[in-house]
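Novice: Just dropping this structure here.
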Amino acid sequence: MNTQQVITLARKNVKTGKMQDSAALCLEEAVKLYDNGDFAAAKKRALSSLRYSVGVFHADYAQASK
């Protein structure tokens, strides 16, 4: 998945799970990094958002991390 797709997936899941605040913070940082053109770092932060929201064993995380 490209960075924009991972950010979209993170947005979809940001209100899920017990660590919503951490997921939202990571997503916010991912968007800022993306806007500044740092796509690699933005993708990493979006993946972190997914880790906080749905966890590493969720299908969305597995799909995004490929």
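The values are calculated or read from the model by the stated rules, or taken from the named source; none is laboratory data. Since the model is a prediction, treat every value here as computed from it, not as a measurement. Cβ placement follows ideal geometry from the backbone for every residue including glycine, while neighbour counts extend to all protein chains displayed. The accessibility values were calculated without ligands, DNA or RNA, using every heavy atom of the protein model including side chains. Shrake-Rupley method; radii C 1.70, N 1.55, O 1.52, S 1.80 Å.
Novice: Restricting to DSSP H runs of at least four residues, report the calculated mean residue ellipticity at 222 nm for the chain, -39500 (n - 2.57) per run over all residues, nearest 500 deg cm²/dmol.
Specialist: Helix-only estimate at 222 nm: -22500 deg cm²/dmol.
Novice: Kindly express, to the nearest 10 degrees and within the range 0 to 90, the angle between helix 20-35's C-alpha long axis and the longest C-alpha principal axis of the chain.
Specialist: Long axis of 20-35 versus the principal axis of the chain: about 20 degrees.
Novice: While we're looking at this one, here's another question. At a 1.4 Å probe radius, carbon and sulfur cover how many percent of the accessible area of the chain?
Specialist: Taking all protein chains in place, the chain shows 53 percent carbon and sulfur surface.
Novice: With θ taken as phi - 60° and the coefficients 6.51, -1.76 and 1.60, list the Karplus ³J(HN,Hα) couplings across segment 46-61 in order, rounded to whole Hz; mark glycine and proline as x.
Specialist: With the stated coefficients, segment 46-61 comes to 5, 5, 4, 4, 5, 4, 6, 7, 10, x, 6, 9, 6, 4, 5, 5 Hz.
Novice: Now for a different question. Would you mind checking the tilt of helix 3-13 against the longest principal axis of the Cα atoms of the chain, expressed as 0 to 90 degrees and rounded to 10?
Specialist: 30 degrees
Novice: Using only the Cα atoms, work out Rg/Rh for the chain, with Rh taken as the Kirkwood radius, to two decimals.
Specialist: Across the chain, the Cα-based Rg/Rh ratio is 0.93.
Novice: Something else now. Between Lys15 and Lys66, 0.36 nm times their residue separation minus their Cα-Cα distance comes to what?
Specialist: 16.1 nm
Novice: How far apart, in nanometres, would the label points at Gln5 and His58 be if each is projected 7 angstrom from Cα along the Cα-to-Cβ direction?
Specialist: Using points 7 Å along Cα→Cβ, the separation is 1.8 nm.
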